[in-house]
Amino acid sequence: MSNSSPGHRRYEVLLPRQFNDGTPVPDLLIADTVLELRDRFGAVSAETQTIQGIWIHGGISFRDDLMRLFVDVPDDEESHRFFIEMKERLKTKFDQLELWVVSYPIRVE
């Protein structure tokens, strides 16, 4: 039997706990992002332990404390466009040079 509905894709967003200048990100900014995903897709999950990242940009070393949000969505163009646009909004909202959003196909049983 053929299934004509799209598969599923997991999107993961790494949100910073500090702005690039080191000041803490207000919890409200993170809560707004979580609620936006929940409202858009009906569910969202968050890993609240600290994920530490170290990276270099323009010869300057940065250190990030991050949290991971993830959401499973239909693997379609509408979802893809949403996350491309969301990434740009989040870079501005969280005052980041870059913000990591990754996706990969998943199989939901």
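Hey, could you check region 1-55 for residues that are among the charged types (D, E, K, R) and in contact with a helix residue (DSSP H, G or I) (Cβ under 9 Å, 6 or more places away or on another chain) and say which is nearest to Val71 (Cα to Cα)? It comes out as Arg9. For first residues located in region 11-38 and more than 13 Å from Asp95 (Cα to Cα) and modelled with pLDDT of 95 or more, partners that are among the β-branched types (Val, Ile, Thr) and not in a strand (DSSP E or B) and lie 6+ apart or on another chain with Cβ distances below 8 Å form the pairs Val13/Thr33; Val34/Val44; Leu37/Val44; Arg38/Val44.
Given the residues Gln96, Gln52, which is the only one that is assigned to a strand (DSSP E or B), among the polar types (S, T, N, Q) and touching a strand residue (DSSP E or B) at 6+ places or on another chain (Cβ under 9 Å)? None of the others qualify; the one that does is Gln52. Against the conditions (1) in contact (Cβ under 8 Å) with a residue 12 or more places away in the chain; (2) part of a helix (DSSP H, G or I), Val71 satisfies every one except (2).
One residue alone among Glu36, Glu47 is touching a Lys or Arg at 6+ places or on another chain (Cβ under 6 Å) and surrounded by 10 or more Cβ atoms within 10 Å (Cβ to Cβ), and that residue is Glu47.
Being surrounded by 10 or more Cβ atoms within 10 Å (Cβ to Cβ), over 15 Å from the mean Cα position of the chain (by Cα) and among the aromatic types (Phe, Trp, Tyr) is true of Phe19.
The values are calculated or read from the model by the stated rules, or taken from the named source; none is laboratory data. Note that the structure is predicted; figures quoted are calculated from it, not measured. Cβ: placed from backbone, ideal geometry, glycine included. Neighbour counts: every protein chain shown.
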